[in-house]
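The structure under discussion appears below in the form of structure tokens.
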Amino acid sequence: GTGLGGNCTGCVICSEENGCSTCQQRLFLFIRREGIRQYGKCVHDCPLGFFGIRGQEVNRCKKCGATCESCFSQDFCIRCKRRFYLYKGKCLPSCPPGTLTHQNTQECQETRKLTWQKATWPWEPSTTEAGHGPSNRRGLPTPCLPEQQPHSPPASGGSFPIPTSREAPPH
């Protein structure tokens, strides 16, 4: 029909009432709902608030979760809606204990990694820590002081974070 114009771009099957129902390969079918009507359109990238799923017969745009503004998949959010905070791909009403809340980015940041890194290798002398803080009779930094280890290592045992600085544990 006429009047469809650009709405059938990339379409294989298109109708005046519902727009596109089948897209060309590699394109995603984005269905826009307007009241009781739904209208299909073929897009290269799914719009904000949607993510693309590649299927055997059709690639379609699927809506992100209710609290999620932008997502990589149904289970992994990249950006949260107002009043929600991003933590490990999920949008939470508040950041969990042991994390810092970043208001401007709406993200929760782990604080444990930094403290474990220091507490996990207390025997590692470094230029910044040498000569500072309480020490034992031999003058070496005393391991496992409450001030140096506010968080205990994970209960799973043996799974410690890998140091991100230049320092490495002794071999």
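A few points about this structure:
- Net charge dipole size for the range 1-63 [Lys, Arg +1 and Asp, Glu -1 on Cβ; Debye, nearest 20]: 280 debye
- In this Cβ point-charge picture (+1 for Lys and Arg, -1 for Asp and Glu), the range 66-112 has a dipole of about 120 debye about its Cα centre.
- Pairwise label distance in nanometres, Glu34 with Gln74, each label 7 Å out on the Cα-Cβ vector: 2.8 nm
- Nearest-10 value in Å² for the accessible area of His102, using the 1.4 Å probe: 60 Å²
- Residue-level accessible surface for Thr22, protein heavy atoms, 1.4 Å, Å²: 50 Å²
- Neighbours of Gln106, meaning other residues whose beta-carbon lies under 13 angstrom from its beta-carbon, give a summed charge of +3 when Lys and Arg score +1 and Asp and Glu score -1.
The values are calculated or read from the model by the stated rules, or taken from the named source; none is laboratory data. Computed from a prediction, not measured in an experiment: that's the story for all the values here. Reconstructed Cβ throughout: ideal geometry from the backbone, glycine too, with neighbour counts over all protein chains shown. Accessible surface is based on the protein model in full, side chains and every heavy atom, while ligands, DNA and RNA are left aside. Shrake-Rupley method; radii C 1.70, N 1.55, O 1.52, S 1.80 Å.
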